[in-house]
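Below is one structure, written out as structure tokens, with a few remarks after it.
The values are calculated or read from the model by the stated rules, or taken from the named source; none is laboratory data. Just so we're clear, the structure is a prediction, and the values are computed from it rather than from any experiment. Methodologically, a virtual Cβ is constructed for each residue, glycine included, from the backbone with ideal geometry; neighbour enumeration extends over all protein chains shown. Remember, those area values only see protein heavy atoms, side chains included, never the ligands or the DNA or RNA. Shrake-Rupley method; radii C 1.70, N 1.55, O 1.52, S 1.80 Å.
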Amino acid sequence: MICSNCGKANENDSNFCRYCGNNLNPNATDPNHTIFDTSYRVLSKSNLDLGYLIIAILILVNVFMWFFWSFIFGGSGMDDNRNLYKGIRLLSTILSIAQFIVMFIFAKRQSYKIVIGVIAAIIIIYDLYYLMQTLTNRTY
């Protein structure tokens with residue numbers, strides 16, 4: 001069978017051209033048949049925007065929390081504010097975990113989820129290590 005789109009020869013029982021993908025027999029094809037893989041669910045644009053907004057808010061809260069800590073207490077009076085520092089360190093760890101959970105939920109592809117998982121594991125282990133150091137030691 002000759003393709004009407006590219007002019008190349010195909011097998012007589014072919015429904016699609018093996019060179020350009022043109023439909024060789026439009027009357028014989030199943031309307032529900034697709035040649036594309038639809039194994040992952042596509043999120044609507046509003047869901048993706050919501051995910052990006054949540055991630056941005058979590059990151060901004062975390063960054064500004066540490067900025068104001070260093071701006072207000074940096075360099076002096078650290079011993080008087082040890083409990084406040086422990087609370088901020090705990091909240092920062094929780095925010096880091098939350099932002100990776102949101103990233104994982106809104107990732108569209110499995111490969112993205114793997115990369116996010118590896119990066120999250122490294123950063124969360126780092127955060128948990130310093131959280132434990134803060135909660136158990138007198139130095140921070």
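Here are the numbers for the structure shown:
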{"quantity": "So residue 7, is it assigned to a loop (DSSP other than H, G, I, E, B), at pLDDT 85 or above and open to solvent by less than 90 Å² (accessible area, probe 1.4 Å)", "calculated": "yes"}
{"quantity": "Residue under evaluation residue 136, criteria (1) free of Cβ contacts under 8 Å to residues at least 40 places away in the same chain; (2) touching a helix residue (DSSP H, G or I) at 6+ places or on another chain (Cβ under 6 Å); (3) closer than 19 Å to residue 91 by Cβ, criterion not met", "calculated": "(2)"}
{"quantity": "Residues within region 36-50 that are modelled with pLDDT under 80 and surrounded by 14 or more Cβ atoms within 10 Å (Cβ to Cβ), tallied", "calculated": "1"}
{"quantity": "The lone exception for residue 56 - which of (1) at pLDDT below 85; (2) under 20 Å from residue 107 (Cβ atoms); (3) open to solvent by less than 80 Å² (accessible area, probe 1.4 Å); (4) out of contact with any helix residue (DSSP H, G or I) (no Cβ under 6 Å at 6 or more places or on another chain) it fails", "calculated": "(1)"}
